[in-house]
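Encoded as C-alpha cells, the structure appears first; notes follow it.
The values are calculated or read from the model by the stated rules, or taken from the named source; none is laboratory data. Because the structure is a prediction, the values reported are computed rather than measured. With ideal geometry, Cβ positions are generated from the backbone for all residues, glycine too; neighbour counts draw on all protein chains shown.
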Amino acid sequence: GHVDAVAAGWFRRAAEQGHDFAQVNLGFLYDRGRGVPQDDAEAAGWYRRAAEQGHVQAQFNMGVMYLEGRGVRRDIVEAARWYRLAAAQGHPEAQQLVGDDGR
C-alpha cells in the first residue's frame, strides 16, 4: 500500500547511494511487488548490488534467484556460489543447503 510506496522511495534514495541495507530491502519490495510493481529482474539487480558488498541476506537471495531462474538465467553453479558465500558468513539456511559452514 501507501506505506510500502513511501518506503520504496526512501530505500531507493539510500540504495542509489550504495547502502547495502537499503539495496536488499528495495530488492525485497520488487521481489514481492510491495509499493512498486513486482519485477524479478529489478529485485535481482538490487540484491546483487548488496550481495557484492558482502550483505549476507542478499547473497542468500541471489542464490534463490539463480536456483529458480527469477530475474536471471537459471544457473545452479551460480546459485551454489552465492549460497556458499552466505554460508561462510553464518547464514543458517545457506549452511543447510551447502551442508557445512560454506568453506
Review point. Can you pull out the residues in region 8-22 that are within 15 Å of Pro37 (Cα to Cα) and in contact with a Lys or Arg (Cβ under 8 Å, 6 or more places away or on another chain)?
Key: Ala8
Review point. Within region 56-90, which residues are in contact (Cβ under 8 Å) with a residue 24 or more places away in the chain, of a type in the set (A, V, I, L, M, F, W, C) and either exposed (fewer than 15 other Cβ atoms within 10 Å of the Cβ) or part of a loop (DSSP other than H, G, I, E, B) (or both)?
Key: Val72
Exercise for review: Tell me which residues, restricted to region 91-103, are surrounded by fewer than 21 Cβ atoms within 10 Å (Cβ to Cβ) and not polar (S, T, N, Q).
Suggested key: His91, Pro92, Glu93, Leu97, Val98, Gly99, Asp100, Asp101, Gly102, Arg103
Practice item. Please tell me if Arg34 is charged (D, E, K, R), free of Cβ contacts under 8 Å to residues at least 60 places away in the same chain and farther than 15 Å from Gly9 by Cα. Key: no
Check your understanding: Quick one: is Ala88 hydrophobic (A, V, I, L, M, F, W, C), touching an Asp or Glu at 6+ places or on another chain (Cβ under 9 Å) and over 30 Å from Gly9 (Cβ atoms)?
Key -> yes
Check your understanding: Taking Arg48, is it modelled with pLDDT of 95 or more and surrounded by fewer than 20 Cβ atoms within 10 Å (Cβ to Cβ)?
Key -> no
Point to revise | Candidate set from region 25-44 (those that are surrounded by 17 or more Cβ atoms within 10 Å (Cβ to Cβ) and among the small types (Gly, Ala, Ser)); member that is farthest from the chain's Cα centre (by Cα) | key: Gly35
Study note, to complete from the structure: Scanning region 15-68 residue by residue, the ones that are within 23 Å of Gly1 (Cβ to Cβ) and among the β-branched types (Val, Ile, Thr) total 2
